[in-house]
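Here's the structure, in C-alpha coordinates; my notes come after.
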Amino acid sequence: MKSLTALDQLIESLRCLPGVGPKSAQRMAYHLLQRDRNGAQHLAMSLQNALSRIHHCLKCNNFSESEVCDLCASGKRDAHQLCVVEMPTDLLMLEQTQTYHGMYFVLMGRLSPLDGVGPKEIHLDRLLKRAQDGEVQEVILATNYTVEGEATAHYVGELLKARGLKVSRIARGLPMGGEIEHVDIGTLAQAMMERRSLR
(Lines give C-alpha, C1' and ligand atoms only; values in the text may rest on other atoms or scores of the structure.)
Protein backbone atom coordinates (compact mmCIF):
# COMPACT_ATOMS: atom_id res chain seq x y z
CA MET A 1 0.00 0.00 0.00
CA LYS A 2 1.36 3.41 -1.02
CA SER A 3 2.07 5.85 1.83
CA LEU A 4 0.46 9.29 1.80
CA THR A 5 2.43 12.22 0.44
CA ALA A 6 3.06 15.25 2.67
CA LEU A 7 0.33 17.13 0.76
CA ASP A 8 -2.16 14.28 1.24
CA GLN A 9 -1.34 14.19 4.96
CA LEU A 10 -1.92 17.94 5.25
CA ILE A 11 -5.27 17.71 3.47
CA GLU A 12 -6.33 14.76 5.62
CA SER A 13 -5.28 16.63 8.79
CA LEU A 14 -7.34 19.69 7.86
CA ARG A 15 -10.42 17.48 7.51
CA CYS A 16 -10.49 16.99 11.29
CA LEU A 17 -11.93 20.51 11.61
CA PRO A 18 -15.73 20.69 11.93
CA GLY A 19 -17.52 21.40 8.66
CA VAL A 20 -14.41 20.86 6.55
CA GLY A 21 -14.88 18.31 3.78
CA PRO A 22 -12.37 17.02 1.23
CA LYS A 23 -12.71 19.97 -1.18
CA SER A 24 -12.45 22.63 1.55
CA ALA A 25 -9.44 20.89 3.08
CA GLN A 26 -7.78 20.75 -0.33
CA ARG A 27 -8.41 24.49 -0.92
CA MET A 28 -7.00 25.36 2.51
CA ALA A 29 -3.90 23.24 1.97
CA TYR A 30 -3.18 24.78 -1.44
CA HIS A 31 -3.76 28.28 -0.07
CA LEU A 32 -1.36 27.78 2.83
CA LEU A 33 1.33 26.25 0.63
CA GLN A 34 1.02 28.60 -2.32
CA ARG A 35 -0.04 31.96 -0.89
CA ASP A 36 0.61 32.02 2.85
CA ARG A 37 3.56 29.92 3.96
CA ASN A 38 4.26 32.37 6.81
CA GLY A 39 0.66 31.95 7.96
CA ALA A 40 1.03 28.17 7.75
CA GLN A 41 4.19 28.31 9.86
CA HIS A 42 2.47 30.56 12.42
CA LEU A 43 -0.54 28.22 12.52
CA ALA A 44 1.69 25.19 13.09
CA MET A 45 3.57 26.91 15.93
CA SER A 46 0.34 28.20 17.53
CA LEU A 47 -1.20 24.72 17.47
CA GLN A 48 1.91 23.17 18.99
CA ASN A 49 2.06 25.89 21.65
CA ALA A 50 -1.64 25.48 22.52
CA LEU A 51 -1.37 21.69 22.74
CA SER A 52 1.58 21.89 25.12
CA ARG A 53 0.27 24.71 27.36
CA ILE A 54 -3.52 24.43 27.52
CA HIS A 55 -5.13 21.92 29.88
CA HIS A 56 -8.41 21.60 31.79
CA CYS A 57 -9.06 23.75 34.87
CA LEU A 58 -9.19 21.52 37.95
CA LYS A 59 -12.40 23.18 39.17
CA CYS A 60 -14.57 24.02 36.15
CA ASN A 61 -13.03 21.75 33.46
CA ASN A 62 -12.73 24.68 31.02
CA PHE A 63 -9.54 25.22 29.04
CA SER A 64 -6.82 26.96 31.02
CA GLU A 65 -3.06 27.50 30.99
CA SER A 66 -2.95 27.30 34.80
CA GLU A 67 -4.24 24.58 37.15
CA VAL A 68 -7.18 26.79 38.14
CA CYS A 69 -8.50 29.28 35.56
CA ASP A 70 -8.86 33.01 36.21
CA LEU A 71 -12.63 32.78 36.53
CA CYS A 72 -12.47 30.07 39.21
CA ALA A 73 -9.66 31.90 41.02
CA SER A 74 -11.63 35.16 41.15
CA GLY A 75 -12.90 36.15 44.58
CA LYS A 76 -15.69 38.18 42.96
CA ARG A 77 -17.72 35.18 41.79
CA ASP A 78 -20.66 33.69 43.75
CA ALA A 79 -19.45 30.25 44.86
CA HIS A 80 -22.98 29.22 45.86
CA GLN A 81 -24.14 28.91 42.23
CA LEU A 82 -22.74 26.46 39.70
CA CYS A 83 -23.84 26.71 36.08
CA VAL A 84 -23.35 23.58 33.96
CA VAL A 85 -22.75 24.16 30.24
CA GLU A 86 -21.86 21.86 27.37
CA MET A 87 -18.96 23.73 25.77
CA PRO A 88 -16.56 26.65 26.47
CA THR A 89 -18.41 28.69 23.82
CA ASP A 90 -21.60 28.39 25.92
CA LEU A 91 -19.72 29.77 28.94
CA LEU A 92 -18.49 32.71 26.87
CA MET A 93 -22.02 33.50 25.68
CA LEU A 94 -23.38 33.46 29.25
CA GLU A 95 -20.55 35.72 30.41
CA GLN A 96 -21.41 38.21 27.67
CA THR A 97 -24.91 38.62 29.14
CA GLN A 98 -23.32 40.02 32.33
CA THR A 99 -26.27 38.63 34.30
CA TYR A 100 -24.66 35.56 35.89
CA HIS A 101 -21.92 35.92 38.49
CA GLY A 102 -21.56 32.38 39.81
CA MET A 103 -19.19 29.56 38.96
CA TYR A 104 -19.25 27.15 36.01
CA PHE A 105 -18.64 23.55 35.07
CA VAL A 106 -17.99 22.74 31.41
CA LEU A 107 -18.98 19.21 30.38
CA MET A 108 -17.06 19.38 27.07
CA GLY A 109 -19.95 17.63 25.35
CA ARG A 110 -23.34 16.07 26.01
CA LEU A 111 -24.68 12.58 26.49
CA SER A 112 -25.09 10.82 23.16
CA PRO A 113 -25.06 7.02 23.45
CA LEU A 114 -25.31 6.59 19.66
CA ASP A 115 -22.02 8.50 19.31
CA GLY A 116 -20.38 6.63 22.19
CA VAL A 117 -20.59 9.61 24.58
CA GLY A 118 -21.55 8.47 28.06
CA PRO A 119 -21.24 9.88 31.61
CA LYS A 120 -17.48 9.26 31.70
CA GLU A 121 -16.84 11.21 28.49
CA ILE A 122 -18.58 14.33 29.84
CA HIS A 123 -16.75 14.18 33.20
CA LEU A 124 -19.84 13.60 35.36
CA ASP A 125 -17.71 12.22 38.20
CA ARG A 126 -15.84 15.55 38.38
CA LEU A 127 -19.10 17.51 38.19
CA LEU A 128 -20.62 15.55 41.10
CA LYS A 129 -17.50 16.12 43.19
CA ARG A 130 -17.52 19.84 42.34
CA ALA A 131 -21.25 20.23 43.08
CA GLN A 132 -20.84 18.58 46.49
CA ASP A 133 -17.90 20.72 47.64
CA GLY A 134 -19.93 22.22 50.50
CA GLU A 135 -20.18 25.67 48.91
CA VAL A 136 -22.56 25.04 46.00
CA GLN A 137 -26.21 25.60 46.93
CA GLU A 138 -27.78 25.67 43.44
CA VAL A 139 -26.82 23.98 40.19
CA ILE A 140 -28.15 25.67 37.06
CA LEU A 141 -28.38 23.38 34.04
CA ALA A 142 -27.66 25.41 30.91
CA THR A 143 -27.32 22.65 28.34
CA ASN A 144 -28.74 23.25 24.87
CA TYR A 145 -32.36 22.55 24.01
CA THR A 146 -31.51 19.69 21.67
CA VAL A 147 -32.50 16.05 22.20
CA GLU A 148 -29.02 15.29 23.58
CA GLY A 149 -28.91 18.49 25.64
CA GLU A 150 -32.30 17.75 27.19
CA ALA A 151 -31.30 14.14 27.95
CA THR A 152 -28.09 15.40 29.55
CA ALA A 153 -29.95 17.97 31.67
CA HIS A 154 -32.45 15.34 32.83
CA TYR A 155 -29.77 12.76 33.68
CA VAL A 156 -27.53 15.27 35.49
CA GLY A 157 -30.51 16.85 37.24
CA GLU A 158 -31.67 13.52 38.65
CA LEU A 159 -28.17 12.67 39.89
CA LEU A 160 -27.82 16.03 41.63
CA LYS A 161 -31.32 16.05 43.15
CA ALA A 162 -30.67 12.56 44.56
CA ARG A 163 -27.74 14.12 46.43
CA GLY A 164 -29.93 16.82 47.97
CA LEU A 165 -28.84 19.70 45.75
CA LYS A 166 -31.16 22.41 44.45
CA VAL A 167 -31.29 22.12 40.65
CA SER A 168 -32.74 24.58 38.14
CA ARG A 169 -32.88 24.73 34.34
CA ILE A 170 -32.48 27.83 32.17
CA ALA A 171 -35.77 29.03 30.68
CA ARG A 172 -36.56 29.01 27.00
CA GLY A 173 -38.97 31.00 24.91
CA LEU A 174 -39.22 33.81 22.40
CA PRO A 175 -36.00 35.55 21.37
CA MET A 176 -35.54 39.21 22.31
CA GLY A 177 -36.91 41.32 19.46
CA GLY A 178 -38.52 38.27 17.86
CA GLU A 179 -41.95 38.36 16.29
CA ILE A 180 -44.44 35.59 17.03
CA GLU A 181 -45.29 34.95 13.38
CA HIS A 182 -41.63 34.11 12.65
CA VAL A 183 -41.00 31.80 15.62
CA ASP A 184 -41.10 28.01 15.22
CA ILE A 185 -44.05 26.18 16.78
CA GLY A 186 -41.95 24.28 19.35
CA THR A 187 -40.43 27.48 20.76
CA LEU A 188 -43.81 29.22 20.83
CA ALA A 189 -45.44 26.28 22.61
CA GLN A 190 -42.65 26.21 25.20
CA ALA A 191 -42.93 29.96 25.75
CA MET A 192 -46.67 29.57 26.40
CA MET A 193 -46.15 26.67 28.84
CA GLU A 194 -43.37 28.48 30.74
CA ARG A 195 -45.20 31.81 31.00
CA ARG A 196 -44.88 33.74 34.27
CA SER A 197 -47.07 36.20 36.15
CA LEU A 198 -46.47 39.92 35.77
CA ARG A 199 -45.48 41.61 38.99
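The values are calculated or read from the model by the stated rules, or taken from the named source; none is laboratory data. These figures come from a predicted structure and were not determined experimentally. We place every Cβ from the backbone using ideal geometry, glycine too, and count neighbours over all the protein chains shown.
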message: Which residue is modelled with the lowest pLDDT, if the candidates are limited to the range 121-145 and must be farther than 17 Å from residue 91 by Cα and under 16 Å from the mean Cα position of the chain (by Cα)?
response: 121
Hey, residue 48 loosely packed, with under 12 Cβ neighbours inside 10 Å and either in contact (Cβ under 8 Å) with a residue 40 or more places away in the chain or within 26 Å of the chain's Cα centre (by Cα) (or both) or not: yes
- prompt: Restricting the range 20-45 to residues that are assigned to a loop (DSSP other than H, G, I, E, B) and either among the basic types (Lys, Arg) or more than 28 Å from the chain's Cα centre (by Cα) (or both), which is farthest from residue 65 (Cα to Cα)?
  reply: 35
query: Only one of (1) at pLDDT 95 or above; (2) closer than 25 Å to residue 189 by Cα; (3) in contact with a Cys (Cβ under 7 Å, 6 or more places away or on another chain) fails for residue 86. Which number is that?
result: (3)
- line: Picking from 66, 3, the residue that is over 26 Å from the mean Cα position of the chain (by Cα) and not in a helix (DSSP H, G or I) would be 3
- request: Check the range 73-91 and report whether any residue there is assigned by TED's automatic domain parsing to the domain that holds residue 144, in a strand (DSSP E or B), in contact with a His (Cβ under 9 Å, 6 or more places away or on another chain) and aliphatic (A, V, I, L, M).
  value: no
Condition check for residue 108: closer than 19 Å to residue 63 by Cα and of a type outside the set (Gly, Ala, Ser): yes
message: Just the residues that are closer than 15 Å to residue 47 by Cβ and either in a helix (DSSP H, G or I) or β-branched (Val, Ile, Thr) (or both), please, taken from the range 6-19.
response: 9, 10, 13, 14
- request: Report, ordered by the first and then the second residue, all pairs with beta carbons closer than 6 Å, sequence separation of six or more or different chains, a first member in the range 173-199 that is without any contact (Cβ under 8 Å) to a residue 24 or more places away in the chain, and a second member that is aliphatic (A, V, I, L, M) and outside any loop (DSSP other than H, G, I, E, B).
  value: 173/191; 174/191
field: Breaking point among (1) under 19 Å from residue 72 (Cα atoms); (2) over 15 Å from the mean Cα position of the chain (by Cα), for residue 108
entry: (2)
